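> Quick one: the structure is below, questions incoming.
The values are calculated or read from the model by the stated rules, or taken from the named source; none is laboratory data. Remember, predicted model here, so these are calculated numbers, not experimental data. When we count neighbours, we look across all protein chains shown, and the Cβ atoms used for this are built from the backbone with ideal geometry, even at glycine. Heavy atoms of the whole protein, side chains included, go into the accessibility calculation; ligands, DNA and RNA do not. Shrake-Rupley method; radii C 1.70, N 1.55, O 1.52, S 1.80 Å.
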Amino acid sequence: MIHAPAHLLYLHGFRSSPRSAKAQQVGAVVQALQQQGLDITWACPQLPPSPRQAVAEMEALVALWPRDTMVVIGSSLGGFYATVLAERLGCRAAVINPAVAPARDLARHIGEQTAFHNPADRFFFRPEFITEFEALAPYPVRHPERYWALIAQGDEVLDWREMVSHYEGARIRLLDGSDHAVSDFPQHLPELLAFLGLPDPTAAPTA
């Protein structure tokens, strides 16, 4: 039986932060639902660059969350992490243009990096992080019915066909066009909320 989530964890992408547009948009919807009386715990942590450390911190954060009433939402690299958690914990996950092969794709980014939302914030992406990604690989997913995937054919960073193949059997919303950031994400929020089992706080009340 699928329960409406009482706990939501949002995971941002590589070089991103809780200040990302999608994180802010989902957070605003959760806040609106909380103001309407729904008891929902929301978490959107800043993730460290080490994949091993990131997953350890996520697991500690959700250690006391009931698995049947929690959902992990992740965008890009956050989608990979959301899948790692969903496979380990048996919870549901929503992924947005998920990075399905970060060990391969991020190998060219080894070295000093800057954060998107604060260029003064620098970190070093270390060679051993590639091995950490390889150790975490969550594919193939064992229960695709637990996933909702929003995938843009216009993604300029990741191959949409590869993303689709990694979530075969999941509920996939394939966008004709759009981009890696899913700049039109607000118009897809109602479908995400439907997957979550949550009401749309912006919907007009029915008579």
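> Counting heavy atoms of the protein chains only and a 1.4 Å probe, report the per residue accessible area for the chain as a whole number of Å².
Here the per-residue accessible area is 48 Å².
> Taking the Cα centroid of region 67-94 and of region 134-202, what is the distance between the two, rounded to the nearest whole Å?
Answer, in whole Å: 12.
> Which of the trypsin sites (Lys or Arg not before Pro) across region 5-43 are loop residues per DSSP, with 16 or fewer other Cβ within 10 Å?
Passing both the DSSP loop test and the Cβ count: 19.
> On the accessible surface of the chain, probed at 1.4 Å, how many percent belong to carbon and sulfur atoms?
C and S atoms contribute 52 percent here.
> Would you kindly state the longest site-free stretch of the chain, with sites defined as GluC sites (Glu not before Pro) in a DSSP loop (not H, G, I, E, B) surrounded by at most 16 other Cβ atoms within 10 Å?
Between the exposed loop sites, the longest stretch runs 1-155.
> Would you please report the Å³ per residue occupied by the convex hull of the alpha carbon atoms in the chain?
125
> Once you sort the root eigenvalues of the Cα gyration tensor of region 51-102 as a ≥ b ≥ c, which label holds: rounded (a/c under 1.5), prolate (a/b larger than b/c) or oblate (the other case)?
Cα axes put region 51-102 in the oblate bin.
> Taking the Cβ of residue 105 as the center, what net charge do the other residues with Cβ under 11 Å away carry, scoring Lys and Arg +1 and Asp and Glu -1?
Result for the local shell: 0.
> Which stretch or stretches of region 87-113 have amide N atoms under 18 Å from the point lying 7 Å from residue 46's Cα along the Cα→Cβ direction?
112-113
> Under a 5 Å amide H to amide H cut-off, with H placed in plane at 1.01 Å, what residues pair with residue 149 once short-range neighbours are removed?
95, 171, 172, 173
> Can you work out the Karplus-derived ³J(HN,Hα) for every residue in region 88-103? Use 6.51 cos²θ - 1.76 cosθ + 1.60 with θ = phi - 60°, whole Hz, and x for glycine or proline.
6, 9, x, 9, 8, 8, 10, 10, 10, 6, x, 7, 8, 9, x, 4
> Would you grab the residues whose amide H sits under 5 Å from the one on residue 73? Only those 5+ places off in sequence or on another chain, please, with H modelled 1.01 Å from N.
Residues meeting the criterion, in which the H sits 1.01 Å from N, are 9, 10, 11, 94.
> Still on this model: Obtain the nm distance between the two label points defined at residue 160 and residue 108 by a simple spin-label model: each point lies 7 Å from its Cα along the Cα-to-C-beta direction.
Going from the residue 160 label point to the residue 108 one covers 2.1 nm.
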